[in-house]
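The values are calculated or read from the model by the stated rules, or taken from the named source; none is laboratory data. In this text, all values refer to a predicted model and were calculated from it rather than measured experimentally. Cβ coordinates were reconstructed from backbone atoms using ideal geometry, including for glycine residues, and neighbour counts include every protein chain displayed.
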Amino acid sequence: MPLNYDQIKEGSIKGRYITPKDIDPFINSLPKNFKTRTEGTSVEGRAIKSITVGEGAIKILMWSQMHGNESTTTKAVMDLMNLLKLDSNLSKSILKNCTFKIVPILNPDGAMAYTRVNANDVDLNRDAQDRSQPESVILRNIYEGYSPDYCFNLHDQRTIFNVGNSPKPATVSFLAPAHDKERSISKTRGISMQIIAAMNQELQKHIPGQVGRYDDGFNSNCVGDTFQMLNIPTILFESGHFPNDYDRENTRKYIFIAMLKAIEIISSKTIDQYEQESYFDIPDNNKLYYDILIQNVQLLNSKYNSGISAGILFVETLLNNRIEFKLKLEEIGDLQDKFGHKTYNCLDVNDLKELNNQPELIDLLD
C-alpha cells in the first residue's frame, strides 16, 4: 500500500514557532519502545531530550533545532516517529535493521526565544571544537556514547536561496560536509554523497528542480564537518521555501520524504545503487530571491530612476508567542537578475493598483 503522508503527519505540531512545550505532549505519548532520556540541560536550565527507538545494528543519530529558529525539521522528525509507530512492514523492517537516537530540540533556549543562537548568544554550529556551551557538550557526549554509523544534521535555510540560476526556490538543500580544507572525498564523505543522490532522485518526483546543494566550504567548528572528520557519514539537511508556504508545512513533507528515502537505503544496505557523481549533478544554491520584488518603483516614488527595483525581505519576529513577518527593504537598484516570491511590476496597472492599497510597502520606499 502506498504511504499516505497525510495520515502520518503529526497535526498537533505546526507553524514556525516550535518549542519544548509544543513537542513534549507528543513525546510523552510515544509507545514504550520509544525510550526518552534527558541528556542534560541548556544554559537556562531547560531539558534537552533524546528519543531512542529500534533494535537494529545500524545506528542513526539525528538532531534538530541546533539553531532555535529552524523548526521545520523538528516537525518532520515528529512525522518520522509517527511512521515508526505504525504496525507496518516498512516500519518493522526499519526498526529491525536500525536504531535511532533523535534529539528533537538541541537548543531549547533558542527555540523559546526564536533565535539562531543559544542563551549565551553563541552559534552552536560554530562551537564544535571549543564546545564552550552546555548544548555543544551534550551533543558531543551523545555522539561519543552512542557511536552512530550515520548522522543527520537538520536545519532550515532562508527564503533567499534559489537553485542554480533558475527561478526555482531551493525548497530542500543538502550537503555532504567537507572533512578537510581541500574538500577531498573520503570514503565516508562519498557515502554521504551517495545517500544525498538517492534523496535527490526521490525528491525530483515531487519538487522537480527545487533541490539545491549547499556550499561545502570547510569549517572545523561546524558540527557536520567535525563528525565527517571523525569518519562518520554526515548529511546536512536544509529546509527552504516552497511557494506560498511561509509556515513550511509543505517543506516538512519533503524533508520527511527525503529522510525516509535515506533511512530506507541505509536499512536495506542499498546505498551502492546510487552513484557518488550524481551528487555533483545537484545545482549549487544561489541567493537570488527576495520575499517581495517591486519592479519600476519610480512609478511609486519619483526620486528613483527608471528601471529601478526594490527587494524586500521578511524579518521573522516573535510577538505574543507567534511569528510575524515584518517588512525590511533589503536593496534598491538594478535587480534584473533577481526573483521575488511575490513580484509586482509597477508598469502593470493591476499591480500598481494593488500596491497603492498596501501603504506599508509604499512607506518602505520613502
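Of all residues in region 93-107, which are out of contact with any Leu (no Cβ under 9 Å at 6 or more places or on another chain) and either part of a helix (DSSP H, G or I) or free of Cβ contacts under 8 Å to residues at least 40 places away in the same chain (or both)?
Listed by number, the residues that qualify are Ser93, Lys96, Asn97.
Under the condition of being assigned to a loop (DSSP other than H, G, I, E, B) and charged (D, E, K, R), which residue from region 207-248 is surrounded by the most Cβ atoms within 10 Å (Cβ to Cβ)?
This residue is Arg248.
Being over 16 Å from Pro169 (Cα atoms), under 19 Å from the mean Cα position of the chain (by Cα) and not assigned by TED's automatic domain parsing to the domain that holds Asp337 is the filter here; which residues of region 272-315 pass it?
Tyr279
Going through region 81-92 one residue at a time, which ones are closer than 17 Å to Ile257 by Cα, part of a helix (DSSP H, G or I) and not basic (Lys, Arg)?
Once the filter is applied, which keeps residues that are closer than 17 Å to Ile257 by Cα, part of a helix (DSSP H, G or I) and not basic (Lys, Arg), region 81-92 yields Met81, Asn82, Leu83, Leu84, Leu90, Ser91.
Looking at (1) surrounded by 11 or more Cβ atoms within 10 Å (Cβ to Cβ); (2) not in a helix (DSSP H, G or I), find the lone condition where Leu361 falls short.
Only one criterion is unmet by Leu361, namely (2).
Out of Arg189, Arg158, which single residue is more than 22 Å from His67 (Cβ to Cβ), of a type in the set (Lys, Arg) and in the same structural domain as Tyr279 (by TED's automatic domain parsing)?
Going through Arg189, Arg158 in turn, just one is more than 22 Å from His67 (Cβ to Cβ), of a type in the set (Lys, Arg) and in the same structural domain as Tyr279 (by TED's automatic domain parsing): Arg189.
How many residues, within region 278-287, are surrounded by fewer than 20 Cβ atoms within 10 Å (Cβ to Cβ) and not small (Gly, Ala, Ser)?
6
Evaluate region 25-41: report whether one residue or more is touching a residue at least 24 places away in the same chain (Cβ under 8 Å), crowded, with 20+ Cβ neighbours inside 10 Å, in the same structural domain as Ser239 (by TED's automatic domain parsing) and not aliphatic (A, V, I, L, M).
no
What number of residues within region 300-316 satisfy the criterion of being surrounded by fewer than 17 Cβ atoms within 10 Å (Cβ to Cβ) and either in contact (Cβ under 8 Å) with a residue 12 or more places away in the chain or at positive phi (or both)?
Qualifying residue count for the region: 4.
Look through Asn120, Asn125 and report the one residue that is surrounded by 19 or more Cβ atoms within 10 Å (Cβ to Cβ) and either polar (S, T, N, Q) or out of contact with any Phe, Trp or Tyr (no Cβ under 7 Å at 6 or more places or on another chain) (or both).
After applying the criteria, what remains is Asn125.
If a residue has to be part of a loop (DSSP other than H, G, I, E, B) and closer than 27 Å to Gly145 by Cα to count, how many in region 1-51 make the cut?
Residues meeting the conditions: 12.
Which one of these is crowded, with 20+ Cβ neighbours inside 10 Å and not in a strand (DSSP E or B): Met62, Met78?
Unique residue meeting the criteria: Met78.
Looking at (1) within 17 Å of Ile60 (Cβ to Cβ); (2) assigned to a strand (DSSP E or B), which one does Tyr290 not meet, given that it meets all the others?
Tyr290 satisfies all of (1) within 17 Å of Ile60 (Cβ to Cβ); (2) assigned to a strand (DSSP E or B) except (1).
Counting only residues that are small (Gly, Ala, Ser) and touching a Lys or Arg at 6+ places or on another chain (Cβ under 8 Å), which one in region 295-321 is farthest from Glu360 (Cα to Cα)?
Applying the filter and picking the extreme gives Ser309.
Results for (1) assigned to a helix (DSSP H, G or I); (2) modelled with pLDDT of 95 or more, shown as yes or no for each residue.
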| site | (1), (2) |
| --- | --- |
| Asn250 | yes, yes |
| Ile255 | yes, yes |
| Leu260 | yes, yes |
| Glu264 | yes, yes |
| Glu277 | yes, yes |
| Asn285 | no, yes |
| Ile294 | no, yes |
| Lys303 | no, no |
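Being under 28 Å from Asp281 (Cα atoms) and either assigned by TED's automatic domain parsing to the domain that holds Glu44 or over 19 Å from the mean Cα position of the chain (by Cα) (or both), is that true of even one residue in region 123-134?
Within region 123-134 (the criterion being under 28 Å from Asp281 (Cα atoms) and either assigned by TED's automatic domain parsing to the domain that holds Glu44 or over 19 Å from the mean Cα position of the chain (by Cα) (or both)), the answer is yes, since at least one residue qualifies.
Pick from region 135-176 the residues that are over 21 Å from the mean Cα position of the chain (by Cα) and acidic (Asp, Glu): which of them is surrounded by the fewest Cβ atoms within 10 Å (Cβ to Cβ)?
In this case the residue turns out to be Glu144.
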